[in-house]
Amino acid sequence: VSPALVLRMYQAKQLTDWDAPVLIKMTRELAHRAGLNSAPALFYVPSHLANALTVGTRDNAAIALTDGLIRNFTTREIRGVLAHEMGHYKKKHILQMLAVGLVQTGIMFYLLSLFISHQGLFDAFYMERASVYAGLVFFGMLYAPIDFFLGLFAQGLSRKNEYEADRFAVETTG
(Lines give C-alpha, C1' and ligand atoms only; values in the text may rest on other atoms or scores of the structure.)
Protein backbone atom coordinates (compact mmCIF):
# COMPACT_ATOMS: atom_id res chain seq x y z
CA VAL A 1 0.00 0.00 0.00
CA SER A 2 1.28 3.41 -0.92
CA PRO A 3 2.44 5.59 2.00
CA ALA A 4 0.53 8.52 0.49
CA LEU A 5 -2.67 6.45 0.42
CA VAL A 6 -2.27 5.35 4.04
CA LEU A 7 -1.64 8.92 5.16
CA ARG A 8 -4.67 10.12 3.18
CA MET A 9 -6.82 7.46 4.87
CA TYR A 10 -5.88 8.96 8.23
CA GLN A 11 -6.42 12.53 6.95
CA ALA A 12 -2.78 13.23 7.83
CA LYS A 13 -1.28 16.64 7.17
CA GLN A 14 2.46 17.08 6.73
CA LEU A 15 4.10 19.19 9.42
CA THR A 16 6.63 21.87 8.51
CA ASP A 17 9.16 23.95 10.42
CA TRP A 18 6.46 26.61 10.61
CA ASP A 19 3.80 24.27 12.07
CA ALA A 20 5.89 22.37 14.61
CA PRO A 21 9.48 23.61 14.83
CA VAL A 22 10.27 21.64 17.99
CA LEU A 23 8.98 18.35 16.57
CA ILE A 24 10.73 18.85 13.23
CA LYS A 25 14.03 19.69 14.94
CA MET A 26 13.66 16.69 17.25
CA THR A 27 12.95 14.41 14.27
CA ARG A 28 16.05 15.65 12.42
CA GLU A 29 18.28 15.23 15.48
CA LEU A 30 17.00 11.71 16.14
CA ALA A 31 17.41 10.73 12.49
CA HIS A 32 21.02 11.93 12.62
CA ARG A 33 21.67 10.00 15.87
CA ALA A 34 19.99 6.94 14.38
CA GLY A 35 22.23 7.04 11.32
CA LEU A 36 19.43 7.60 8.84
CA ASN A 37 20.36 9.34 5.59
CA SER A 38 17.50 11.80 5.98
CA ALA A 39 14.81 12.56 8.53
CA PRO A 40 11.41 11.02 7.91
CA ALA A 41 8.63 13.40 6.95
CA LEU A 42 6.44 14.15 9.95
CA PHE A 43 2.63 14.13 9.75
CA TYR A 44 -0.21 15.17 12.04
CA VAL A 45 -3.28 12.93 12.33
CA PRO A 46 -6.47 14.49 13.76
CA SER A 47 -7.43 11.85 16.31
CA HIS A 48 -7.94 11.95 20.07
CA LEU A 49 -6.23 8.56 20.37
CA ALA A 50 -2.56 8.55 21.37
CA ASN A 51 -0.88 6.71 18.51
CA ALA A 52 1.92 6.87 15.99
CA LEU A 53 2.44 5.06 12.72
CA THR A 54 5.27 4.51 10.33
CA VAL A 55 4.87 4.19 6.57
CA GLY A 56 7.19 4.01 3.60
CA THR A 57 10.79 2.95 3.35
CA ARG A 58 14.04 4.74 4.10
CA ASP A 59 13.80 6.67 0.83
CA ASN A 60 10.26 7.93 1.44
CA ALA A 61 9.90 7.52 5.19
CA ALA A 62 7.03 9.14 7.03
CA ILE A 63 5.99 9.13 10.66
CA ALA A 64 2.50 10.23 11.67
CA LEU A 65 1.63 11.35 15.19
CA THR A 66 -1.93 11.75 16.38
CA ASP A 67 -3.25 14.85 18.08
CA GLY A 68 -3.90 12.75 21.20
CA LEU A 69 -0.24 11.77 21.37
CA ILE A 70 1.07 15.29 20.76
CA ARG A 71 -1.25 16.86 23.34
CA ASN A 72 -0.92 14.25 26.08
CA PHE A 73 2.71 13.11 25.93
CA THR A 74 5.69 15.00 27.28
CA THR A 75 8.48 16.11 24.95
CA ARG A 76 10.63 13.28 26.33
CA GLU A 77 7.90 10.70 25.62
CA ILE A 78 7.36 12.02 22.09
CA ARG A 79 11.11 11.78 21.54
CA GLY A 80 10.94 8.12 22.57
CA VAL A 81 8.00 7.47 20.24
CA LEU A 82 9.82 9.09 17.30
CA ALA A 83 12.96 7.05 18.02
CA HIS A 84 10.84 3.88 18.25
CA GLU A 85 9.25 4.59 14.87
CA MET A 86 12.67 5.31 13.34
CA GLY A 87 13.80 1.98 14.71
CA HIS A 88 11.28 0.31 12.42
CA TYR A 89 13.03 1.95 9.44
CA LYS A 90 16.53 1.23 10.63
CA LYS A 91 15.74 -2.43 11.34
CA LYS A 92 13.81 -2.78 8.05
CA HIS A 93 10.69 -4.02 9.83
CA ILE A 94 8.33 -2.52 7.27
CA LEU A 95 9.96 -4.41 4.39
CA GLN A 96 10.14 -7.55 6.51
CA MET A 97 6.43 -7.45 7.34
CA LEU A 98 5.59 -6.68 3.72
CA ALA A 99 7.51 -9.80 2.67
CA VAL A 100 5.74 -11.90 5.32
CA GLY A 101 2.38 -10.58 4.12
CA LEU A 102 3.22 -11.41 0.51
CA VAL A 103 4.28 -14.96 1.45
CA GLN A 104 1.13 -15.39 3.52
CA THR A 105 -1.01 -14.18 0.61
CA GLY A 106 0.87 -16.43 -1.80
CA ILE A 107 0.20 -19.45 0.42
CA MET A 108 -3.46 -18.52 0.61
CA PHE A 109 -3.85 -18.25 -3.18
CA TYR A 110 -1.93 -21.49 -3.74
CA LEU A 111 -4.18 -23.34 -1.30
CA LEU A 112 -7.26 -21.73 -2.86
CA SER A 113 -6.19 -23.05 -6.26
CA LEU A 114 -5.86 -26.54 -4.78
CA PHE A 115 -9.23 -26.37 -3.04
CA ILE A 116 -10.99 -25.27 -6.21
CA SER A 117 -9.46 -27.86 -8.52
CA HIS A 118 -8.35 -30.94 -6.54
CA GLN A 119 -10.75 -33.80 -7.22
CA GLY A 120 -9.67 -35.67 -4.07
CA LEU A 121 -11.18 -32.96 -1.90
CA PHE A 122 -14.53 -33.28 -3.66
CA ASP A 123 -14.34 -37.07 -3.37
CA ALA A 124 -13.83 -36.72 0.40
CA PHE A 125 -17.15 -34.85 0.55
CA TYR A 126 -18.88 -37.41 -1.71
CA MET A 127 -19.25 -35.03 -4.62
CA GLU A 128 -19.22 -36.55 -8.09
CA ARG A 129 -17.69 -33.56 -9.83
CA ALA A 130 -15.64 -30.53 -8.92
CA SER A 131 -17.46 -27.26 -8.40
CA VAL A 132 -15.83 -23.87 -8.00
CA TYR A 133 -18.56 -22.85 -5.57
CA ALA A 134 -18.10 -25.94 -3.41
CA GLY A 135 -14.34 -25.41 -3.58
CA LEU A 136 -14.80 -21.90 -2.19
CA VAL A 137 -16.96 -23.26 0.64
CA PHE A 138 -14.36 -25.93 1.44
CA PHE A 139 -11.63 -23.33 1.34
CA GLY A 140 -13.58 -21.12 3.74
CA MET A 141 -14.00 -24.00 6.18
CA LEU A 142 -10.55 -25.56 5.97
CA TYR A 143 -8.36 -22.47 5.58
CA ALA A 144 -9.32 -21.00 8.98
CA PRO A 145 -6.94 -23.22 11.02
CA ILE A 146 -4.11 -22.65 8.55
CA ASP A 147 -4.70 -18.90 8.68
CA PHE A 148 -4.71 -19.06 12.48
CA PHE A 149 -1.20 -20.53 12.60
CA LEU A 150 0.12 -18.24 9.88
CA GLY A 151 -1.35 -15.34 11.86
CA LEU A 152 0.39 -16.52 15.04
CA PHE A 153 3.71 -16.48 13.20
CA ALA A 154 3.08 -12.97 11.84
CA GLN A 155 1.98 -11.70 15.27
CA GLY A 156 5.06 -13.22 16.92
CA LEU A 157 7.30 -11.53 14.37
CA SER A 158 5.46 -8.24 14.85
CA ARG A 159 5.93 -8.46 18.64
CA LYS A 160 9.66 -9.17 18.14
CA ASN A 161 9.89 -6.12 15.88
CA GLU A 162 8.19 -3.94 18.49
CA TYR A 163 10.70 -5.00 21.14
CA GLU A 164 13.57 -4.33 18.73
CA ALA A 165 12.19 -0.86 17.99
CA ASP A 166 11.85 -0.22 21.73
CA ARG A 167 15.48 -1.26 22.28
CA PHE A 168 16.55 0.95 19.36
CA ALA A 169 14.69 3.91 20.90
CA VAL A 170 16.46 3.43 24.24
CA GLU A 171 19.85 3.20 22.55
CA THR A 172 19.16 6.22 20.33
CA THR A 173 17.74 8.54 22.97
CA GLY A 174 20.23 7.56 25.66
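The residues listed here are 24, 78; of these, the one that is over 20 Å from residue 171 (Cα atoms) and not small (Gly, Ala, Ser) is 24. So is residue 19 of a type outside the set (Ser, Thr, Tyr), open to solvent by less than 100 Å² (accessible area, probe 1.4 Å) and either in a helix (DSSP H, G or I) or in contact (Cβ under 8 Å) with a residue 24 or more places away in the chain (or both) or not? Yes; evaluated as a whole, the condition is true for this residue.
The values are calculated or read from the model by the stated rules, or taken from the named source; none is laboratory data. Just so it is clear, the structure is predicted and the values come from calculations on it, not from any experiment. When we count neighbours, we look across all protein chains shown, and the Cβ atoms used for this are built from the backbone with ideal geometry, even at glycine. Only protein heavy atoms, including side chains, enter the accessible area calculation; ligands, DNA and RNA are left aside. Shrake-Rupley method; radii C 1.70, N 1.55, O 1.52, S 1.80 Å.
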